[in-house]
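Contents: one structure, followed by commentary.
The values are calculated or read from the model by the stated rules, or taken from the named source; none is laboratory data. From a predicted model like this one, the values you see are computed outputs, not experimental measurements. Backbone-built Cβ (ideal geometry, glycine too); neighbour counts: all protein chains shown. Accessible surface is based on the protein model in full, side chains and every heavy atom, while ligands, DNA and RNA are left aside. Shrake-Rupley method; radii C 1.70, N 1.55, O 1.52, S 1.80 Å.
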Amino acid sequence: MRAYFLRRFLLIPPTLLGLTLVVFFITRFAPGGPLEQALMRAQQSSLEHSSSRASGQGTALSEDQIAQLKHYYGFDRPWYVAYVQWLGKVAQGDLGTSFRYNEPVWDLIRERFPISAFFGLTTLVLTYSVCIPLGILKAIRHRTWVDTGSSLLIFAGYAVPGYVLGALLLVFGAARMRWFPMGGFVSGNFADLTAGGKVTDLLHHAVLPLCCYLIGGFAFTTLLMKNQLMDVLAADYMRTAVAKGVSYRRAVIGHALRNAIIPLATDFGQNLTLFLTGSFLIENIFDIDGFGLLGYNSTLDRDYPVVMGVLLLSSLLLLVGNLISDALVALADPRIRFG
Amino acid sequence: MASLRFRLNPQTQRRLNRFRGIRRGYLSFLVLAALALLSVFGEVLVNSRALVVRYQGRYYFPTYGAFHPGSDFGEGYSYETNYRHLGQRLAKEGSGDWVLMPPVPFNAYENDFRPGVYPPTAPSAAERHYLGTDTTGRDILARLFYGFRIALIFAAFYIGFVYGLGIAVGCAMGFFGGKVDLLGQRLVEIWSNLPFLYIVIIVASLVRPDLTLLVIITGLFSWTGMTYYMRTATYREKARDYVAAAEVLGASTSRIIFRHILPNTLSMLVTFVPFTLAAAISSLTALDFLGFGLPVPTPSWGELLHQGTANLDAPWIVSSVFVSIVLVLSLVTFVGEAIREAFDPKRFTTYE
């Protein structure tokens, strides 16, 4: 078992290397990159310049200036050299400087990460604390009105993408009814509020996005819990337990639940990372300046150092999340042997 | 021949019967099939061209037929006839001529500008804009309807692409095992972690993506999930005695794969189709919402959703898209659950 986890752990770096290499390669050869954007900007400003002064300047930038720009954006070296240099810096904990914000990438990420993590962890806690009991209830009361009624809601919830619900909530809950703020993580005057006011303000802003985060995983987890528990309830050892006089309650909690919860553990790691890195679609709708939106905007802006930094961190989280899932499965079910 | 045998297979027959027995799923399937069928003949239901025109004793059927310039019906212009105006004029003249319009007399592209009316306009049965108009005066119902049709076409190609690639790679990994499997899994892991959106944005900045290109890009980043199931299923089937028997009899590798292993994994593959369909519709909607989907005038749910979030005074836009998405995706999910249950019925026990 230890050998398996060690091997999985050792496989993380090569996967990360492969991923970053592919994306780095693309950033070098995709048109419309930061260098071209800078050249275009320079050309435009020189056009305006020359038209106002009416003095003809041949080219926008001298060879020297272009070389300087190339050096600034790191395009003056072959891509593999630049990649190795990037790797060397990362090894020293330096993710580079954002082209757009002119700030260290690490600072940008560190600022936004807690915002996404706040939503992610809240979602995770709420999902598991409601879905597990609800799933158990639905399994025990299979095909009664409790089950059928909640199923309809759950299926509809399963079918709605979070950001689509977000659009609806934004228009009705925020813009029309003015029950909730239109977006953002906290109000502009957050720093001036009292401690109680801060909490209220935060929660007030968080309600609508949280609904969107909750809706997808909620249905999935409840159904998984229910189906697994129903499988286990049909198992022979459950029948034996009930037959020999163990109370139903104890049979479910003591015998069935532990086995039924294993597949939920498989998902836990993926859920954790999914939520930690945030959904850029939901952050986009509610204008929350989180990690997901940072990744999306950096891609739009071709802010390559940020793109690489976000990619590195989110893939690392994903791979670690998978590993955590496996560890949890092993904890929940000692029979499972990974090989 | 293979399909005939498949149809006569008693197990398949039993599954079909079980599927029909699951009321919610079967009903959803019928509704979805009806919607798909309606969208095929969409021009008859939602169109700016008239179904029938009676003009000076002659009958015209412009729906699928040739383009009629306005001058054909005595209008003073040579561009395509505006059948809604023509109908009003003929009715006023009272000469016994008439125009029969489809139930929704607008197509998805025309801007219905009327003097003194500034789009978006709220739903109105009198104007026959049953769900209102969008920011440029296009009928929302028409755009939803044709957007649905395009999403279905997209989904059909997408499913074919994802299944083709996923089955081929997964089956190869499972069948050949060993180094192929190990290397394949690493590559699949890297591939599935690539930032899909990033590639889409770059491609969208290079060329305006059309339907084919969009299917290829989204498909290229969605087939990896299929390989895991296919790989395991192939491993399982390959270990069975009948494969060993076929090998001993001298069957070639391709014969074993195509005649023995693939038909036996078919039932597993079928259960994933509805979920792939739902994934196709949601990813197309998300891409259109972000503005990286189909080129601009194409009717699309994502584009409407984006308009809705940008025009907070026109709540009918968001509501119509929301209801459509929830309706279609719920139907697809119900069908998916029913198929899964029909193919793999759960034993369940109740105590007490």
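Can you find even one residue in region B:291-300 that is touching a residue at least 60 places away in the same chain (Cβ under 8 Å), open to solvent by less than 50 Å² (accessible area, probe 1.4 Å) and assigned to a helix (DSSP H, G or I)? No, region B:291-300 has no match at all.
Would you confirm whether or not region B:263-280 contains a residue that is more than 9 Å from chain A (Cβ to nearest Cβ), touching a His at 6+ places or on another chain (Cβ under 8 Å), open to solvent by 20 Å² or more (accessible area, probe 1.4 Å) and of a type outside the set (D, E)? There is no residue in region B:263-280 that is more than 9 Å from chain A (Cβ to nearest Cβ), touching a His at 6+ places or on another chain (Cβ under 8 Å), open to solvent by 20 Å² or more (accessible area, probe 1.4 Å) and of a type outside the set (D, E). Condition check for B:I339 on (1) more than 12 Å from chain A (Cβ to nearest Cβ); (2) surrounded by fewer than 21 Cβ atoms within 10 Å (Cβ to Cβ); (3) under 30 Å from A:R141 (Cβ atoms): one failure, at (2). The criterion of at least 3 residues that are out of contact with any Ser or Thr (no Cβ under 9 Å at 6 or more places or on another chain), more than 13 Å from chain A (Cβ to nearest Cβ) and on the phi < 0 side of the Ramachandran plot is met by the following helices (runs of 4 or more DSSP H) wholly inside region B:188-246: B:211-220, B:224-238.
The numbered conditions (1) acidic (D, E); (2) modelled with pLDDT of 80 or more; (3) open to solvent by 40 Å² or more (accessible area, probe 1.4 Å); (4) farther than 19 Å from B:L290 by Cα are all true for B:E127 except (2).
Checking the stated criteria, B:V328 turns out to be crowded, with 17+ Cβ neighbours inside 10 Å and within 11 Å of another protein chain (Cβ to nearest Cβ).
Screening region A:70-180 for helices (runs of 4 or more DSSP H) wholly inside it with 1 or more residues that are more than 14 Å from chain B (Cβ to nearest Cβ) returns the ranges A:79-91, A:105-140, A:145-159. Return yes or no: is A:A156 hydrophobic (A, V, I, L, M, F, W, C) and more than 30 Å from B:E337 (Cα to Cα)? For A:A156, the condition - hydrophobic (A, V, I, L, M, F, W, C) and more than 30 Å from B:E337 (Cα to Cα) - is not met.
Going through A:L294, A:L264 one at a time, which residue ends up being part of a helix (DSSP H, G or I) and over 23 Å from A:F218 (Cβ atoms)? Testing whether each residue is part of a helix (DSSP H, G or I) and over 23 Å from A:F218 (Cβ atoms) leaves just A:L294.
Just to be sure before I move on: is B:Y59 over 25 Å from B:L141 (Cβ atoms), open to solvent by less than 50 Å² (accessible area, probe 1.4 Å) and of a type outside the set (D, E, K, R) in the structure I sent? So B:Y59 does not fit the description; no. Within region A:297-310, the presence of at least one residue that is assigned to a loop (DSSP other than H, G, I, E, B) and either open to solvent by less than 40 Å² (accessible area, probe 1.4 Å) or modelled with pLDDT under 85 (or both) is confirmed. Would a scan of region A:225-244 turn up a residue that is surrounded by 22 or more Cβ atoms within 10 Å (Cβ to Cβ), within 11 Å of chain B (Cβ to nearest Cβ) and farther than 22 Å from A:L126 by Cα? The answer is yes, given that some residue of region A:225-244 is surrounded by 22 or more Cβ atoms within 10 Å (Cβ to Cβ), within 11 Å of chain B (Cβ to nearest Cβ) and farther than 22 Å from A:L126 by Cα. Checked against the criterion of being touching a strand residue (DSSP E or B) at 6+ places or on another chain (Cβ under 6 Å), open to solvent by less than 30 Å² (accessible area, probe 1.4 Å) and either touching a residue at least 24 places away in the same chain (Cβ under 8 Å) or among the aromatic types (F, W, Y) (or both), the candidates B:A142, B:A155 yield just one match: B:A142.
Hey, among the residues in region A:311-321 that are under 24 Å from A:I215 (Cβ atoms) and either open to solvent by 20 Å² or more (accessible area, probe 1.4 Å) or of a type in the set (D, E, K, R) (or both), which one's nearest to the chain's Cα centre (by Cα)? Applying the filter and picking the extreme gives A:S314. Annotation note: of A:G196, A:G217, the sole residue that is in contact with a helix residue (DSSP H, G or I) (Cβ under 9 Å, 6 or more places away or on another chain), open to solvent by 20 Å² or more (accessible area, probe 1.4 Å) and either under 30 Å from A:A167 (Cα atoms) or outside any helix (DSSP H, G or I) (or both) is A:G217.
For region A:236-286, give me each residue that is over 29 Å from the mean Cα position of the chain (by Cα) and among the small types (G, A, S). A:A241, A:A243, A:G245, A:S247, A:A251, A:G254, A:A256, listed by residue number. B:L284 fulfils the conditions (1) farther than 25 Å from B:L27 by Cα; (2) surrounded by fewer than 19 Cβ atoms within 10 Å (Cβ to Cβ) except for a single criterion, (2). Taking region B:91-124 as the range and being in contact with a Leu (Cβ under 6 Å, 6 or more places away or on another chain), crowded, with 19+ Cβ neighbours inside 10 Å and part of a loop (DSSP other than H, G, I, E, B) as the test, the residues that pass are B:D97, B:P102.
Only residues that are within 11 Å of another protein chain (Cβ to nearest Cβ) and open to solvent by 10 Å² or more (accessible area, probe 1.4 Å) were counted in region A:278-291, giving 6.
Looking only at residues of region B:238-258 that are surrounded by 15 or more Cβ atoms within 10 Å (Cβ to Cβ), modelled with pLDDT of 85 or more and within 37 Å of the chain's Cα centre (by Cα), we find that the one that is farthest from B:G160 (Cα to Cα) is B:I256.
Among the residues of region B:26-41, is there at least one that is in contact with a Pro (Cβ under 9 Å, 6 or more places away or on another chain) and polar (S, T, N, Q)? So far as region B:26-41 goes, no, none of its residues is in contact with a Pro (Cβ under 9 Å, 6 or more places away or on another chain) and polar (S, T, N, Q).
Which residues, counting only those in region B:303-322, are part of a helix (DSSP H, G or I), of a type outside the set (S, T, N, Q) and within 9 Å of another protein chain (Cβ to nearest Cβ)? Selection gives B:L305, B:H306, B:G308, B:P315, B:I317, B:V318, B:V321, B:F322.
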